[in-house]
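Structure first, then comments.
The values are calculated or read from the model by the stated rules, or taken from the named source; none is laboratory data. These figures come from a predicted structure and were not determined experimentally. Positions of Cβ are backbone-derived with ideal geometry, glycine not excepted, and every protein chain shown enters the neighbour counts. Ligands, DNA and RNA are stripped out before the accessible areas are found, and what is left, the full protein with its side chains, is counted by its heavy atoms. Shrake-Rupley method; radii C 1.70, N 1.55, O 1.52, S 1.80 Å.
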Amino acid sequence: MIKKIISLFLVFLLVFTFALPSCAYGIKRDYAGHWAENSVQSWVDKGYIKGYSDGSVKPEGLVTRAEFIKLANNVFDFKETADISFTDVNKEQWYYREVQKACKAGYINGVSQTKFAPDDKLTREQAAVIIAKITKLGFSSAEEADIFNDSSKISGWAKGYVASAFDAHLLKGYTDNNFKPKNPIKRAEAIVTLDRTKSKMDSD
């Protein structure tokens, strides 16, 4: 009788174990087969990025300004902080110190003197400015960005930085030869872009 109970228990355990979804172990590889899978997996392994509460990474999800600087601060180990006085960033918010670090590192400004817009989606041209400043590439000739079909849509304050980021192969255009500067950057794009930036800085 005891042997029968043990056998039934083992069968139940085996079936139950195989029935568990991968997220039950804290892993939900929703980026498997994605074009950025290798970079995303590397970041997960290094602890640069954490999944959501369900364990997913959501590579096609959009990134806010606060989320992007969190990633950048993690990757480049920015720790020093600056005093900030943005009216839309207060000490109780998770990104308060991240904004302080980013401002101290000097790679991002507010959208105005009083607003940081932490919950706004970060655009591709804003990302170009950030990585160009982090790598100290500088502001290239704006005309160099005219290689893109939609270069007229790139903001004047960002155009030279877009050219610099593109020339350094840190941020690319799309297959239709558009840059899509006003498009919010996706999580996978952000990871790959920052990963390229980190590799460039490590090799320089």
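Worth pointing out:
- When region 104-131 is limited to residues that are of a type outside the set (V, I, T) and under 14 Å from F76 (Cα atoms), the one that is least open to solvent (accessible area, probe 1.4 Å) turns out to be Y107.
- Taking each residue of region 125-138 that is touching a residue at least 40 places away in the same chain (Cβ under 8 Å) and more than 12 Å from F166 (Cβ to Cβ) and looking for partners that are assigned to a helix (DSSP H, G or I) and among the basic types (K, R) with beta-carbon atoms closer than 9 Å, six or more apart or interchain, yields Q126/R65; T135/K200.
- Counting the residues of region 178-200 that are over 19 Å from P59 (Cβ atoms) and buried (at least 17 other Cβ atoms within 10 Å of the Cβ) gives 2.
- P59 vs. criteria surrounded by 12 or more Cβ atoms within 10 Å (Cβ to Cβ) and within 12 Å of the chain's Cα centre (by Cα): yes
- The lone exception for T175 - which of (1) of a type in the set (V, I, T); (2) open to solvent by 70 Å² or more (accessible area, probe 1.4 Å); (3) within 24 Å of K104 (Cα to Cα) it fails: (3)
- Condition check for D54: farther than 27 Å from S199 by Cβ, open to solvent by 80 Å² or more (accessible area, probe 1.4 Å) and in contact with a helix residue (DSSP H, G or I) (Cβ under 7 Å, 6 or more places away or on another chain): no
- The residues on offer are S152, S203, and the sole one that is open to solvent by 60 Å² or more (accessible area, probe 1.4 Å), under 20 Å from S39 (Cα atoms) and not aliphatic (A, V, I, L, M) is S203.
- Being farther than 20 Å from K186 by Cα and in contact (Cβ under 8 Å) with a residue 24 or more places away in the chain holds for only one residue in K101, K58, and it is K101.
- Qualifying positions in region 72-94 - of a type in the set (D, E), without any contact (Cβ under 8 Å) to a residue 12 or more places away in the chain and farther than 27 Å from T197 by Cα: E92
- Selection status of D83, under 24 Å from N177 (Cα atoms), modelled with pLDDT of 95 or more and charged (D, E, K, R): no
- Considering (1) open to solvent by less than 80 Å² (accessible area, probe 1.4 Å); (2) over 25 Å from N38 (Cβ atoms), the lone condition that I147 does not fulfil carries the number (1).
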